[in-house]
Amino acid sequence: MTFEKIPLTDTSILSTLMLDYLCQSVSLESFYQYPPKIAHFESIIKDKTFNKQARIDLVATFQRQYKSIDKSHSTNANMEALLHEKTFTITTAHQPLLFGGPAYLIYKIASTIKTCILLKEKYPSYTFVPVYWMGSEDHDFEEVNHLFLFNKKYVWERESQGPVGRLILDEKVESLRTTMSEVLGESASATELKNILKESFQQKDTLANAVQKFVNILFSKFGLLILNQDDVQLKQVFQPIIKEELIARNSVQLIQETLSYLSNNYKTQATPRDINLFYLTDTNRERIIYEEGNYKINNTNLIFTQEEILKLVDESPEKFSPNVILRPLFQEMILPNLAFVGGAGEISYWLQLKAIFKHYNVNYPMLLMRDTVCIWDEKSKQKFIQQGFVNKDVFRSVHELERQYIATHAEQSISLQNHKENILSAYELLSTSVTDIDKTLLLSVEAEKQKIKNGIDMLETKLLKAYKRKFDEDLAFIKSTKEKIFPEGILQERHDSFLMFYIKYGPSLIDGLITNFNAFEQEMTIVS
């Protein structure tokens, strides 16, 4: 197994907003608090306040949520360490995904763990604990109910409108796991993986509990802590913000200036609502809408007066769920957190939210772009390089790669640009000569010149097609390579299941990723 790095800026996978953020463009300076550099953690530690009682309550919540989970020595140690004022968290977040979902969930967690290791080396007098914040209240079931394994999609078919973390695993999940086990093979890694899946995803358990068990088995030796946000004790901490959002409805106003700038210059990631909260039950997660002095629950007949809904916040805070605009604030109120490790889309919407944090006097964390990964079998990679490319070329378009290959291997250039320029220069002279005699002939000359130009362009296209036929096998390999890295046009890590890579490399893959990751370097890791 080899690990190679290329700059993220060479991959063409980042938006303009993320490129500007990673390059620390002056235009974005006001939208974040700390540049994504390890040297700035000294400032963050000084700025982060987190009282002793909050630490005691947090540890109690972890202990309760881990009641039925086998904890490693590292997990226990990190849990206890949170009681001390010199311990801080580094956090990533994601909704629970069936059987781990696409591979990037694992990469996010590994990147978070490595960040803690790097920080401990830099600041040895402090303790840094990696946390996976599980967004189990998310209700987009179609995002979490499937995975792609060896080019086949496995889907958990059922109806769902409520929080995905509360869904009970049924016989359909058991059937999916059995079917998948048949294609995983009989290698030592496959056998180990099947045992992990069997132990984690059991009927009658919730999806959130199953994913907690699955991730814990993979990462417990690194001291990862997993926190389920769907927790009444955690919501009690958030009660004041819930009430202010219902009464003042000011989140959208707080970030309006930021949104205006970002939407005029970039593609924005999240859109605020008048009220950025959902009403939450086992079977529903619906928007709360303020109309004519009352609070209506979308797609239901429920209506509350202000007095009634505030009383409900006091009595049952778990019935309120923050949307994408307030969830980050909720997270940072709960944890002694210094940095959020996320993907490009997540950091894009976090960049919209600084004003909300300032309003509530909650410290805004460092935003770290997680490590990204491309797993590429060595034989295919070497053949690609032998064709005259370098690793980073795989992120260019198929059309560009085909043209480069043909230009390199063709007996003569496929470009007729020199011929075109010579002919068009001759027409310029002809135009001058003809119009000196009769100016009315200018249009005729220009028309003929355009015909020639179009004809040469057509010949160039035909020449390219001819070479494509000649190099058909090699060009087919280029296309198949691109499809491995971008299956169905999607970056591999956002499409393919981590399970298929675990079968090939075993647990050493996770160890290797953590060893080689460094979110501060902003690179793509190529594993082969």
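The values are calculated or read from the model by the stated rules, or taken from the named source; none is laboratory data. Treat the numbers as computed from the prediction; the structure is a model and nothing was measured. Neighbour counts run over all protein chains shown; Cβ positions are idealised from the backbone, glycine included.
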- Message: Can you pull out every residue in region 177-222 that is aromatic (Phe, Trp, Tyr), assigned to a helix (DSSP H, G or I) and touching a Leu at 6+ places or on another chain (Cβ under 8 Å)?
- Response: Phe214
- Would you mention how many residues in region 328-368 are in a strand (DSSP E or B), in contact with a Phe, Trp or Tyr (Cβ under 9 Å, 6 or more places away or on another chain) and not polar (S, T, N, Q)? 7
- Note on the structure: Of the residues in region 297-327 that are among the β-branched types (Val, Ile, Thr) and part of a helix (DSSP H, G or I), the one that is nearest to Phe238 (Cα to Cα) is Val313
- Query: Hey, among Asp70, Asp57, Asp10, which residue is charged (D, E, K, R) and modelled with pLDDT of 95 or more?
  - Reply: Asp57
- Message: If I filter region 282-326 down to residues being hydroxyl-bearing (Ser, Thr, Tyr) and surrounded by fewer than 17 Cβ atoms within 10 Å (Cβ to Cβ), which single residue comes out as nearest to the chain's Cα centre (by Cα)?
- Response: Thr283
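To keep it simple, each residue is scored yes or no on (1) basic (Lys, Arg); (2) over 28 Å from Val341 (Cβ atoms); (3) crowded, with 17+ Cβ neighbours inside 10 Å; (4) modelled with pLDDT under 80.
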| position | (1), (2), (3), (4) |
| --- | --- |
| Lys451 | yes, yes, no, no |
| Thr461 | no, yes, no, yes |
| Asp472 | no, yes, no, no |
| Phe498 | no, no, yes, no |
| Ile503 | no, no, yes, no |
| Pro507 | no, no, no, no |
| Ser528 | no, no, no, no |
- Message: Please count how many residues of region 476-499 are free of Cβ contacts under 8 Å to residues at least 40 places away in the same chain and either touching a strand residue (DSSP E or B) at 6+ places or on another chain (Cβ under 7 Å) or among the charged types (D, E, K, R) (or both).
- Response: 2
- Message: Can you confirm whether Ile90 is assigned by TED's automatic domain parsing to the domain that holds Leu338, within 15 Å of Ile334 (Cβ to Cβ) and touching a Phe, Trp or Tyr at 6+ places or on another chain (Cβ under 8 Å)?
- Response: yes
- Query: Among the residues of region 359-398, which ones are basic (Lys, Arg) and under 27 Å from Pro130 (Cβ atoms)?
  - Reply: Arg370
- Item | Filter result for the condition that a residue is assigned by TED's automatic domain parsing to the domain that holds Gly345, surrounded by fewer than 22 Cβ atoms within 10 Å (Cβ to Cβ), in contact (Cβ under 8 Å) with a residue 24 or more places away in the chain and in contact with a helix residue (DSSP H, G or I) (Cβ under 7 Å, 6 or more places away or on another chain), over Thr75, Thr61 | Thr61
- If you take the residues of region 369-410 that are among the aromatic types (Phe, Trp, Tyr) and outside any helix (DSSP H, G or I), which of them is surrounded by the fewest Cβ atoms within 10 Å (Cβ to Cβ)? Phe389
- Message: Condition first: outside the structural domain of Phe128 (by TED's automatic domain parsing) and touching a strand residue (DSSP E or B) at 6+ places or on another chain (Cβ under 6 Å). Now tell me which residues in region 196-247 satisfy that.
- Response: Ile242, Glu245
